[in-house]
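The values are calculated or read from the model by the stated rules, or taken from the named source; none is laboratory data. Note that the structure is predicted; figures quoted are calculated from it, not measured. Note that each Cβ is placed from the backbone with ideal geometry, even for glycine, and that neighbours are counted across all protein chains shown.
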Amino acid sequence: MFNFLSKKSNQRGIGGAGENEAVYFLQKQGYVIIELNWYNKKGKRLGEIDIIAKENNTIVFVEVKSRTLSEIRDILPEEQVTHVKLKKIQKVSESYIKEKELWNSNVRLDIVSVIFIKNSKKIEIKHIKNAFY
């Protein structure tokens, strides 16, 4: 597998570690990683997409949410992707599609939830497909 990790994701603690695990997970599932931590460089900065990947003929925009088990009280990582966050991701993904001229592409938004279990090397990963589109 091609190891496509950005320096930025390696430097961001639990969030960066979660993105790294999500990349490994997606690659094992056959996804091709296209971009990490992508943001629009033209105009007003709209936000960032954690991972842009390709599965068959579909471009997949992936939001990664990571927590340690001790941080999870009443809400799971994937539950922190609010409607407002989804709308923001939609705008950034539209900017990506426009910049890369991918008008006729199949696209979708996925969420990858990563839970690190303290005092062990276990990780729980949940992949939620079609979270928005």
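Points to keep in mind about this one:
- A single entry from Lys42, Lys98, Lys85 fulfils the requirement of being modelled with pLDDT of 85 or more and basic (Lys, Arg): Lys98.
- Checking Asn37, Asn104, Asn119 one by one, the residue that is at pLDDT 80 or above and either among the basic types (Lys, Arg) or over 15 Å from the mean Cα position of the chain (by Cα) (or both) is Asn104 and no other.
- Sole exception among (1) at pLDDT 90 or above; (2) under 13 Å from the mean Cα position of the chain (by Cα) for Ser9, by number: (1)
- Flag for Glu19 being at pLDDT 95 or above, acidic (Asp, Glu) and under 15 Å from Leu109 (Cβ atoms): no
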